[in-house]
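Novice: Please find one structure pasted underneath; my questions will follow.
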Amino acid sequence: MTTYAALLRGINVGGSKKVPMAELRTLLEGLGLGGVSTYLQSGNAVFTADSGDEDSLAADITAAIEKRFGFTVDVLVRDHTYLQAVLEACPFPAAELQPKQLHITYFSVPVAPERFASIDQQAFLPEEFRLGERCLYLYAPDGLGRSKLAETLSKPRLMKGLIATTRNWNTVVKLAELTRD
């Protein structure tokens, strides 16, 4: 059995794409997944599975959500090893920062630096970003909601062909803890 986190993109935000966490848990259990729990209302679920890979599990969850709720939700599934590696590889001094200042955007596939080469990082200082393994680390000292760099990074031309979903540092840490076997 492997423990995974499912990261749902863009649910329960601003009244759209409502997915109650109790219903999400029931839906995941209906897929034969075990030990299902959710974290916060923003689309984080933890479960165990004895078969499947991240992509097939994500596809199954996406299809089940669409069937149950009538809309499509992008889903990424990641195991503990990956989530822990993201924590350990953080290029910013996470222990010295407030959790609201540090965010991780998880990507569906590896991303080459050339994708973001057009961004003049100096123009956004003190905000910064660094690419990681299928993720992007964002330091936004005034928080994500006020970040001009986050706004630029999320432009459709940069995200074309990707599933991307962002979590604050507290959630990143908690998901690594919850998926620990």
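The values are calculated or read from the model by the stated rules, or taken from the named source; none is laboratory data. These numbers were taken from a predicted model, which means no experiment stands behind them. Positions of Cβ are generated from backbone atoms using ideal geometry, with glycine treated the same way; all protein chains shown enter the neighbour counts. All accessible areas refer to the heavy atoms of the entire protein, side chains included, with ligands and DNA or RNA removed. Shrake-Rupley method; radii C 1.70, N 1.55, O 1.52, S 1.80 Å.
Novice: Which ones in the range 90-130 are open to solvent by less than 90 Å² (accessible area, probe 1.4 Å), of a type in the set (S, T, N, Q) and farther than 17 Å from residue 159 by Cα?
Specialist: Selection gives 101, 121.
Novice: Continuing with the same structure: In this structure, does residue 40 turn out to be among the aliphatic types (A, V, I, L, M) and at pLDDT below 95?
Specialist: yes
Novice: Could you grab the pairs with beta carbons closer than 7 Å, sequence gap of 6+ or different chains, first residue in the range 117-140 and touching a residue at least 12 places away in the same chain (Cβ under 8 Å), second one outside any strand (DSSP E or B) and polar (S, T, N, Q)?
Specialist: 119/152; 127/147; 128/121; 139/101; 140/101; 140/147
Novice: While we're on this one: Hey, among the residues in the range 13-31 that are in a loop (DSSP other than H, G, I, E, B) and open to solvent by 50 Å² or more (accessible area, probe 1.4 Å), which one's modelled with the highest pLDDT?
Specialist: So, considering only residues that are in a loop (DSSP other than H, G, I, E, B) and open to solvent by 50 Å² or more (accessible area, probe 1.4 Å), the one modelled with the highest pLDDT is 31.
Novice: Moving on to the next point. Residue check: is residue 90 in contact with a Ser or Thr (Cβ under 7 Å, 6 or more places away or on another chain), in contact (Cβ under 8 Å) with a residue 12 or more places away in the chain and not hydroxyl-bearing (Ser, Thr, Tyr)?
Specialist: no
Novice: A further question on this structure: Among the residues of the range 138-181, what is the count of those that are in a loop (DSSP other than H, G, I, E, B) and hydroxyl-bearing (Ser, Thr, Tyr)?
Specialist: 3
For every residue, the table says whether it meets (1) under 16 Å from residue 166 (Cα atoms); (2) among the aliphatic types (A, V, I, L, M); (3) in a loop (DSSP other than H, G, I, E, B); (4) at pLDDT 95 or above.
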| residue | (1), (2), (3), (4) |
| --- | --- |
| 103 | yes, no, no, yes |
| 106 | yes, no, no, yes |
| 109 | yes, yes, yes, yes |
| 119 | no, yes, yes, yes |
| 122 | no, no, no, yes |
| 136 | yes, yes, no, yes |
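Okay, residues lined up against (1) among the small types (Gly, Ala, Ser); (2) closer than 15 Å to residue 104 by Cα; (3) open to solvent by less than 20 Å² (accessible area, probe 1.4 Å):
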site	(1), (2), (3)
134	no, yes, no
139	no, yes, no
145	yes, yes, no
148	no, no, no
157	no, no, no
172	no, yes, yes
181	no, no, no
